[in-house]
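The values are calculated or read from the model by the stated rules, or taken from the named source; none is laboratory data. Computed from a prediction, not measured in an experiment: that's the story for all the values here. A quick note on method: Cβ atoms are made from the backbone with ideal geometry, for glycine too, and the neighbour counts reach across all protein chains shown. Areas reflect the complete protein model, heavy atoms only, side chains present, ligands, DNA and RNA absent. Shrake-Rupley method; radii C 1.70, N 1.55, O 1.52, S 1.80 Å.
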Amino acid sequence: MFKNIQKKLLLKYPLLWNTKFIPMLVIGILFQILFFGLGYVDGTIDFSGKSRIDIIAYCMLIGVLASVIIMILWLVAYFKNNALKSFYSKSKYSLFFEWFQIFTICFLLSSFFIPFKVGKQLHQKSYYSLEETTKRCKTISTADIFIDGSFASTDIDSLASGLIDDLGNKIVRNDDYEDAAYAAKRADEVVENVDYAVEASQAIVYKNHIIFKNRKYDEYSLLNRNVFEFSVISGEQKLINKIQINNWLVNKNEVEVKRLMSDYLNIVREHNLATNLNLNKWFEITYTAPDFEDYLRIQPYLKEYEASTYNNYTTERAADYNPDNYSKYYVQQDILKDKYDTVSDAHTDVFIELELLLGFLYGALGLSLLIFSFRVTSGKSWLIAIVVVGIINLIFGIFSAIFSSSVLYFYLILATILIFISYFFLIYFKQKSLKLSRIALNLVLWSFTTVVPIVYMLLVDHLRPDYYINGDYDYYEVPVYDWLRDHQLDIISLNFLLSVVILFFLSKVIRNWKGTAVD
């Protein structure tokens, strides 16, 4: 089948035949579909929390090896025939279309991570609708208050903080140890050692209580516990949910609290997760009105395991874990948080980040230009150009190290690129051929796409505002600098499009140069 297609292409579309574009396009699309399927499999969520093999590392390794092998086999077939060496007549912009076909093949073979990621996220997103995910995440998030939710910071104690600050200032100014000790004592012995006073002058003291509806509650009260964060729940909604729970507690709305606990336990049972709680016992050991202080702490994982065995139980919480602080009751809240956090992120994350897409586009662009430059020049000049690039970078790196200036390196690189571009076009317009022009053309094709990024980086460095001390910190705004920083991705995207446009016209120049060039 492919042989018949190739014969027809040879007779009617020799360029497509030469690049083997049709079979490579089919292989590339199948490659993308395969990794979409692998990503979909990897997106399987095991709500039971059982360990499973993470196949992403294996898939990426197989993908890299497969793409390299396919690329080598394709290049062997592609380089067998070169119309430029045979002085085969080419249309005006045929070289551009040839490059575009090379670029398409390179992109399809190198960007297999994109369909893998899309397939994985699509599967994770398919478990529950956005509405159902939000509903379940709200239940799990707010129930964490009655399990093992973190505690919020209380208000700053301005009086104690001020005393400590005065203490530090006195020591810095006068080394007045007697006054310092007295100040430390007045600060409720927050500073116990005078030698520690300078460091303590930077400390902030928090109150040991919170105030909700004009009533004080201990900082370790249920009312000061945080709800768990899910991406499908906005920061504003999270605050509303927290206030709602607090209102249920202070208003003794036992019906709503029990309904929340019942909904949560239904989710636990649905996923066959372990717990030794039932609704009545859970309510009894946590609903300790009116202060909600003397409740039992529930372990958010299986009782027989340490917190550190769970990847998603943060290092900070695991380090603070003390089994003596917990009761005999447990529920696998850690697994619920982990799995529903995955589903939540699948609904809120974009399928393809612009940074990721640009990374693969530029990677394919660079690889395609390496292949294209080898095609339009010669293997000898291509290898010499690689050596020249290595020597130039080594020399410029040494200069930058001597003068301790990384920016100097980019100024030298930019000047060198412009010199090579000027040199090549000087030869082109004089219609003279020198062997060195092939080397110059290789260097031009490899580097012209970097001109805009280098100029952008140098402008950002030059326009970066100064921060200096003159009594106070003064900041001088530079509108151009702010605009450049805010539009970094836009500039990089525009540079890619500009590179393609330049290459469109440059391909015609290369065709004419190749036609008139003699050694």
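Once the piece of chain linking ASN247 and MET457 is laid out straight, how much longer is it, given 0.36 nm per residue of separation minus the C-alpha distance between them? Walk me through the intermediate numbers first.
On the way: separation 210, 0.36 × 210 = 75.60 nm, distance 5.31 nm.
Here the answer is 70.3 nm.
Pairs to check: LYS117/LYS337; LYS20/LYS92; LYS216/LYS337; LYS135/LYS216; LYS117/LYS242. Give those whose C-alpha atoms are more than 26 Å from each other in this structure. Could the numbers behind the result be given before it?
Numbers: LYS117/LYS337 22 Å; LYS20/LYS92 21 Å; LYS216/LYS337 31 Å; LYS135/LYS216 31 Å; LYS117/LYS242 34 Å.
Going by Cα-Cα distance, LYS216/LYS337; LYS135/LYS216; LYS117/LYS242 fall outside the 26 Å limit.
Residue by residue through segment 142-155, which ³J(HN,Hα) values in whole Hz follow from phi under the Karplus form 6.51 cos²θ - 1.76 cosθ + 1.60 (θ = phi - 60°), with glycine and proline marked x?
Coupling constants for segment 142-155: 6, 5, 5, 4, 9, 10, 7, x, 5, 9, 7, 6, 8, 5 Hz.
What residues have an amide H closer than 5 Å to that of PHE151, excluding those fewer than 5 places away on the same chain, when H is modeled at 1.01 Å from N in the peptide plane?
Residues meeting the amide H criterion: ASN226.
What are the ³J(HN,Hα) values, in whole Hz, obtained from phi via the Karplus relation 6.51 cos²θ - 1.76 cosθ + 1.60 with θ = phi - 60°, for each residue of segment 293-301 in sequence order, with x given for Gly and Pro?
Along segment 293-301, the couplings run 10, 8, 9, 8, 7, 9, 6, x, 7 Hz.
Rounded, prolate or oblate: which one fits segment 343-451, using the alpha carbon gyration tensor with axes a ≥ b ≥ c (rounded when a/c is under 1.5, else prolate when a/b beats b/c, else oblate)?
Values: a/c = 2.68, a/b = 1.53, b/c = 1.75.
Since a/c reaches 1.5 but b/c is at least a/b, the shape of segment 343-451 is classed as oblate.
Under the classification rounded if a/c is under 1.5, otherwise prolate if a/b is larger than b/c and oblate if not, where does segment 332-400 fall, given a ≥ b ≥ c as square roots of the Cα gyration tensor eigenvalues?
Working: a/c = 4.72, a/b = 2.52, b/c = 1.88.
Note, shape of segment 332-400 comes out prolate.
How much of TRP513 can a 1.4 Å solvent probe reach, expressed as accessible area in Å² and rounded to 10?
Solvent-accessible area, nearest 10 Å²: 10 Å².
Within a Cβ distance under 12 Å of GLN488, other residues only, what is the Lys/Arg minus Asp/Glu net charge? Mind showing how you got there, number by number?
Numbers: positive: ARG485; negative: GLU355, ASP482, ASP486, ASP490.
Result for the neighbourhood of GLN488: -3.
Sequence-distant or interchain residues sharing an amide H contact under 5 Å with PHE212, placed H: which?
TYR217
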